[in-house]
Amino acid sequence: MRECKLLSFAIVLVLFLVNGVNGEDPYRFFTWKITYGDIYPLGVKQQGILINGQFPGPQIDAVTNDNLVISVFNYLREPFLISWDGIQQRRNSWQDGVYGTNCPILPGKNFTYNIQVKDQIGSFFYFPSFLFHKAAGGFGGIRIWSRPKIPVPFPNPAGDFTVLAGDWYKTNHYILRRSYLEFGRNLPSPDGLLINGRGWNGYTFTVDQGRTYRFRISNVGLTTSINFRIQGHKLKLVEVEGSHTLQNIYDSLDIHLGQSYSVLVTADQPVQDYYVVVSSRFTPRVLTTTAVLHYSNSRKGVSGPLPWGPSTQVAWSLSQARSIRWNLTASGPRPNPQGSYHYGLIKPARTIMLANSAPYINGKQRFAVNSVSYVQPDTPLKVADYFKIPGVFSVGSIPTNPTGGSGYLQTSVMHANFREYVEIVFQNWEDTVQSWHIDGYSFFVMGMDGGQWTPASRVRYNLRDTVARSTTQVYPRSWTAIYVALDNVGMWNVRSENWARQYLGQQFYLRVYSPANSWRDEYPIPRNALLCGRARGRRTRPL
């Protein structure tokens, strides 16, 4: 009898273990070595930041709900952090990779990020978030594929290309940081544009005539909106930062700082090579660079004038932005459970208005949100919050509406309640286009227009099929309004994607708080969490 019980117990245990292993979402492991290396993106030798010897860094491929284990070894001479633009880090802002949540990886040390791409599909990118390292490289693409048997609203393309485009400086990132930004001066105009780390005609996309390809385009630049187009070819938009879109056809697409788009391109032209063009938008001097779309059986190189692209036309860009809509019939993860509610039928609990500005404080150029210019504390906010370390920050240290007052320095943290549904209005009274990003969330872009936002502006909101995304533009002297369901507990960075403005204070942290203190709402501090500042010497609780 005793042997039978032991045998039965063993069988149950084995079945449990097998089912447990099989039922868990897959793991993907990465080991990254961060080093300096010589790069020549604009034909001039520079010191770049390489990942495993690559510039740009290696592509991350994952499937919805995959677990990514990314071990990062820092061989630089400075502390280092990587953030994951658009990855929501559900219940886990500990992995967000910005200084408000993570201590940086010291030189010669390593840290392992444990990230689950929970309920997400689409096109994103990663980048170094600390000490203006983004100006030296260290960025790369992220592709999250739909799970098997989940229908995608277009046939499988013949190929899938990542396009990392943006502005670039020949000046070393250290000089840009120390001699310009920290000296109280804004950055000069960029020296040029890059496509996948290379300048004019430096990169080639090879296609077969008659076949269709997916291009995932991310603006990974520092200061400049861009326009993307391909000579002689149409762009069919299919996805924006994790949302399948109505499949509108465009000649070119405006892509603002931090934004990512997916388009389908059919190689339906005569056999030859064609220009892939990226040019700057809303800049006094238009910067342009090209890559090559090469038909595999072509013996004729690129020729002819570059296809036309807009330069300063705000109305054209605004009209295009309004035309981007959600594909409501497509399968895939969404920001809210299907059938439980529709974003346009819920009244927000409150309205938060955020106005950007460019004050001089203590004789130096700074940038601010609601007059507050963010300053980094000596201890990451999330770490200080967990250990209840006093004096690092105070909740409510940034107003929820513009004050109209002079700019001032503060470690700004705004309070929000878990599961609160809020309206956020980005108000821009400056003459430059802004680009805003919220970590940890996908939000609904309700509307955008010129002038001052008022409650009457809501009559122009799209309450039916607006796109959900994590980054949105605000045109000069204009507003953009979003709705967001604050269903992700944590300390989340709200920032300008213009990296000079972000570095000099145009950011703050949104503390989405749940009093339950439950693992159901938020994961505990990882046992491998790096501790610095006033948290140095403390102990994390084990997972």
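Okay, here's what the table says:
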| quantity | calculated |
| --- | --- |
| Per-region count, the range 428-459, residues farther than 20 Å from GLN502 by Cβ and among the charged types (D, E, K, R) | 2 |
| Residue within the range 382-400 that is touching a strand residue (DSSP E or B) at 6+ places or on another chain (Cβ under 8 Å), under 26 Å from ALA468 (Cα atoms) and among the acidic types (Asp, Glu) present | no |
| Meets criteria (crowded, with 17+ Cβ neighbours inside 10 Å and not assigned by the TED database to the domain that holds LEU76) for PRO151 | no |
| Some residue of the range 340-347 being part of a loop (DSSP other than H, G, I, E, B) and buried (at least 18 other Cβ atoms within 10 Å of the Cβ) | no |
| Residue count, the range 419-448 (criterion: farther than 17 Å from ASN356 by Cβ, surrounded by fewer than 19 Cβ atoms within 10 Å (Cβ to Cβ) and not basic (Lys, Arg)) | 2 |
| Qualifying residues in the range 351-389 (those that are of a type outside the set (Val, Ile, Thr), in contact with a helix residue (DSSP H, G or I) (Cβ under 9 Å, 6 or more places away or on another chain) and not in a loop (DSSP other than H, G, I, E, B)) - the one farthest from THR540 (Cα to Cα) | GLN365 |
| Any hit, the range 152-174, residues being part of a helix (DSSP H, G or I) and hydrophobic (A, V, I, L, M, F, W, C) | no |
| Tally, over the range 497-510, of residues that are out of contact with any Lys or Arg (no Cβ under 9 Å at 6 or more places or on another chain) and either open to solvent by 10 Å² or more (accessible area, probe 1.4 Å) or closer than 26 Å to ASP385 by Cα (or both) | 3 |
| Filter result (outside any loop (DSSP other than H, G, I, E, B), open to solvent by 30 Å² or more (accessible area, probe 1.4 Å) and of a type in the set (S, T, N, Q)) within the range 36-82 | GLN47, GLN54 |
| Single residue of VAL484, VAL494 found to be touching a His at 6+ places or on another chain (Cβ under 9 Å), open to solvent by less than 30 Å² (accessible area, probe 1.4 Å) and β-branched (Val, Ile, Thr) | VAL494 |
| Top-ranked residue in the range 163-212 [being under 21 Å from VAL278 (Cβ atoms) and aromatic (Phe, Trp, Tyr); ranked as nearest to the chain's Cα centre (by Cα)] | TRP168 |
| Complete set of residues in the range 226-253 that are open to solvent by less than 10 Å² (accessible area, probe 1.4 Å), in contact with an Asp or Glu (Cβ under 8 Å, 6 or more places away or on another chain) and either of a type in the set (S, T, N, Q) or free of Cβ contacts under 8 Å to residues at least 60 places away in the same chain (or both) | ASN227, LEU235, THR245 |
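The values are calculated or read from the model by the stated rules, or taken from the named source; none is laboratory data. Note that the structure is predicted; figures quoted are calculated from it, not measured. When we count neighbours, we look across all protein chains shown, and the Cβ atoms used for this are built from the backbone with ideal geometry, even at glycine. Note: areas computed on protein heavy atoms with side chains; ligands, DNA, RNA excluded. Shrake-Rupley method; radii C 1.70, N 1.55, O 1.52, S 1.80 Å.
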